[in-house]
Amino acid sequence: MNKLIIRGGAPLRGDVRISGAKNAVLPIMAAGLLCETPCTIENVPHLQDVTTMMELLGGMGVTLTISDKMSVEIDTSTIEKLVAPYDLVCTMRASILVLGPMLARFGQAKVSLPGGCAIGSRPVDIHLHGLMALGAQIKVENGYIDAKAERLVGTRIVMDQVTVTGTENLMMAAVFAEGETVLENAAREPEVIDLANFLIKMGADITGVGTDVITIRGVKSLQGVRYRVLPDRIETGTYLVAAAMTGGKVRVRDTDPRLLDAVLSKLTEAGAHITTGDDWIELDMTGRRLHSVNVRTAPHPGFPTDMQAQFLALNCIAEGTATVIETIFENRFMHVQELLRIGADIHVEGNTAVVRGLPVLTGAQMMATDLRASASLILAGLVAEGETTINRIYHIDRGYESIEEKLSKLGANIQRINQ
Ligand SMILES: CC(=O)N[C@H]1[C@@H](OP(=O)(O)OP(=O)(O)OC[C@H]2O[C@@H](n3ccc(=O)[nH]c3=O)[C@H](O)[C@@H]2O)O[C@H](CO)[C@@H](O)[C@@H]1O
Ligand SMILES: C=C(OP(=O)(O)O)C(=O)O
């Protein structure tokens with residue numbers, strides 16, 4: 001099993017390029033199913049989840065061409081099978097995003113139920129209720145969602161919780177629906193906006209994007225375009241936390257500071273000096289003291305759940321005691337048990353972790369349990385005394401492109417062992 005070995009203590013310095021956003025490229029690739037002529041997606045990150053999405057689309061008969069190292073052409077003219085099988089869906093929850101587009105364009109879809117994962121139960125009832133409101137007949141049998149619709153008809157759908165993939169699935173399903181669909185209590189995440197911008201560029205009629213009421217008026221077809229995926233705000237935030245924790249100075253490039261308001265404000269509160277340009281953010285922690293910061297996750301524009309684990313790691317070595325409250329997923333503290341192994345002082349009760357910052361952590365063996373948990377263990381390893389080994393590192397490859405190379409270039413002592 002692959003693992004990472006880190007010798008902590010080096011302050012990170014230099015520039016790092018941010019890749020395209022995982023949580024934008026996956027829905028955008030799924031949206032390629034809606035288009036009759038080929039479309040090309042640019043700034044595609046080299047991630048395991050992208051490979052899985054390519055396998056999923058390829059398995060349906062879609063032709064995928066990697067034109068150069070960061071763009072993928074999607075051609076649906078060869079599609080032959082409208083099924084998303086269990087073995088792929090179970091490794092990547094975002095597979096559920098093919099349901100809305102398949103139903104919209106072909107009037108049928110069979111998608112394995114995604115089920116839960118390490119961070120929580122992750123139901124899809126809001127997706128299914130919304131599709132039924134649009135006129136789909138849905139059966140859940142033998143672990144599969146079997147959806148059919150002779151035609152979809154626009155309607156008003158009030159989602160009882162803010163759901164990112166739910167909003168994305170329903171927005172894609174409604175693109176060809178007759179008349180007007182109104183999605184209320186819609187997610188406002190930048191990745192939802194990026195997907196909508198892609199659909200609009202292809203010819204969809206969507207307004208209200210970035211607010212909690214999105215209106216979609218049905219169109220007849222979509223045409224292929226070239227589209228560049230937005231930068232990954234979570235990867236950006238992770239490198240900034242790494243710079244803050246190690247007392248370094250790092251400039252993250254090819255990113256967008258406007259995507260990270262809540263995170264940058266917390267890093268400033270933690271004592272970092274932050275400067276920004278149009279497409280870069282620089283964090284300087286040289287000679288400054290790291291203070292602990294309270295965090296409460298919330299849908300955008302609140303503090304992102306995907307940055308919770310990284311800030312929990314930061315609080316482990318900051319001055320003071322902080323509370324970290326997770327409001328999106330009931331079980332997103334899997335990293336805590338592992339952080340205790342390198343000496344952190346954390347107490348969890350329900351959805352709240354109380355973290356007392358310590359001057360030193362000491363290297364140990366740890367086990368990564370999910371994507372952002374893996375990131376938090378790496379961050380802790382970068383500051384721990386001695387050697388830290390992180391096992392089950394495959395989770396990190398789902399969402400961080402070449403993380404050990406990027407960190408090494410910034411001066412970290414980190415090595416991947418493939419066994
Ligand atoms: C609002 C939010 O922060 N969503 C996060 C969620 O998106 P993701 O799209 O995976 O999850 P949702 O946004 O759908 O889930 C938000 C909440 O709604 C609940 N729910 C969702 C759908 C549904 O049909 N029924 C239902 O009850 C979920 O259990 C969860 O408590 O995980 C992603 C990966 O970590 C993050 O990038 C997203 O920022
Ligand atoms: C948990 C994540 O991804 P997924 O929803 O694909 O599991 C994430 O991006 O942090």
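The values are calculated or read from the model by the stated rules, or taken from the named source; none is laboratory data. All values reported here derive from a predicted model rather than from experimental measurement. FYI the Cβ positions are ideal-geometry reconstructions off the backbone, even for glycines, and counts take in every protein chain you see.
Given the conditions (1) at positive phi; (2) modelled with pLDDT under 95, and given that ILE119 satisfies all but one, which numbered condition is not satisfied?
Status for ILE119: all satisfied but (1).
Could you tell me which residue of the range 29-54 is surrounded by the fewest Cβ atoms within 10 Å (Cβ to Cβ), considering only residues that are more than 18 Å from MET172 (Cα to Cα) and charged (D, E, K, R)?
Checking each candidate, the answer is GLU42.
Checking LEU82 against (1) more than 30 Å from ASN418 (Cα to Cα); (2) without any contact (Cβ under 8 Å) to a residue 40 or more places away in the chain; (3) touching a Ser or Thr at 6+ places or on another chain (Cβ under 8 Å), which single condition isn't satisfied?
Status for LEU82: all satisfied but (3).
Out of curiosity, is LEU230 surrounded by 20 or more Cβ atoms within 10 Å (Cβ to Cβ) and either β-branched (Val, Ile, Thr) or within 16 Å of ligand 1 (Cβ to nearest atom) (or both)?
Working: surrounded by 20 or more Cβ atoms within 10 Å (Cβ to Cβ): yes; either β-branched (Val, Ile, Thr) or within 16 Å of ligand 1 (Cβ to nearest atom) (or both): yes.
Yes; evaluated as a whole, the condition is true for this residue.
Looking at (1) away from ligand 1 (no atom under 16 Å from the Cβ); (2) over 21 Å from the mean Cα position of the chain (by Cα), which is the only condition LEU240 fails?
(2)
Surrounded by fewer than 17 Cβ atoms within 10 Å (Cβ to Cβ), touching a residue at least 40 places away in the same chain (Cβ under 8 Å), farther than 25 Å from LEU371 by Cβ and small (Gly, Ala, Ser), is that true of SER67? Break it down stepwise before answering.
On the way: surrounded by fewer than 17 Cβ atoms within 10 Å (Cβ to Cβ): yes; touching a residue at least 40 places away in the same chain (Cβ under 8 Å): no; farther than 25 Å from LEU371 by Cβ: yes; small (Gly, Ala, Ser): yes.
Against the criterion (surrounded by fewer than 17 Cβ atoms within 10 Å (Cβ to Cβ), touching a residue at least 40 places away in the same chain (Cβ under 8 Å), farther than 25 Å from LEU371 by Cβ and small (Gly, Ala, Ser)), SER67 does not qualify.
Please go through the range 38-52 and give me each residue that is touching a helix residue (DSSP H, G or I) at 6+ places or on another chain (Cβ under 8 Å) and either hydroxyl-bearing (Ser, Thr, Tyr) or in the same structural domain as THR236 (by the TED database) (or both), ordered by number.
Within the range 38-52, just THR52 meets the criteria.
Among LEU88, LEU97, which is closer than 18 Å to VAL25 by Cβ, surrounded by fewer than 21 Cβ atoms within 10 Å (Cβ to Cβ) and in contact with a Leu (Cβ under 8 Å, 6 or more places away or on another chain)?
LEU88
Give the residue that is nearest to ligand 1 (Cβ to nearest atom), with candidates limited to residues of the range 281-297 that are farther than 14 Å from ALA242 by Cβ and touching a helix residue (DSSP H, G or I) at 6+ places or on another chain (Cβ under 8 Å).
Initial filter on the range 281-297 (farther than 14 Å from ALA242 by Cβ): 286-289, 291-297.
Pick out the ones that are also touching a helix residue (DSSP H, G or I) at 6+ places or on another chain (Cβ under 8 Å) and you get 291-293, 295, 297.
Working: HIS291: 26, SER292: 23, VAL293: 19, VAL295: 13, THR297: 7 Å.
By that ranking, first place goes to THR297.
Could you tell me whether any residue of the range 147-161 is closer than 21 Å to GLU180 by Cβ, more than 16 Å from ligand 2 (Cβ to nearest atom) and in contact with a Phe, Trp or Tyr (Cβ under 8 Å, 6 or more places away or on another chain)?
Looking through the range 147-161, at least one residue is closer than 21 Å to GLU180 by Cβ, more than 16 Å from ligand 2 (Cβ to nearest atom) and in contact with a Phe, Trp or Tyr (Cβ under 8 Å, 6 or more places away or on another chain).
Residues that are within 20 Å of ALA344 (Cα to Cα) and among the polar types (S, T, N, Q): which strands (runs of 3 or more DSSP E) entirely in the range 360-419 hold 2 or more of them?
Per the criteria, 387-391.
Among the strands (runs of 3 or more DSSP E) confined wholly to the range 101-217, which include 2 or more residues that are without any contact (Cβ under 8 Å) to a residue 12 or more places away in the chain? Show your work before the answer.
Working: elements: 108-112, 137-141, 144-148, 156-158, 180-184, 205-207, 213-217.
By residue number, 137-141.
Determine whether THR246 is within 16 Å of ligand 1 (Cβ to nearest atom), β-branched (Val, Ile, Thr) and either on the phi < 0 side of the Ramachandran plot or at pLDDT below 95 (or both).
Details: within 16 Å of ligand 1 (Cβ to nearest atom): no; β-branched (Val, Ile, Thr): yes; either on the phi < 0 side of the Ramachandran plot or at pLDDT below 95 (or both): yes.
Criteria not met by THR246.
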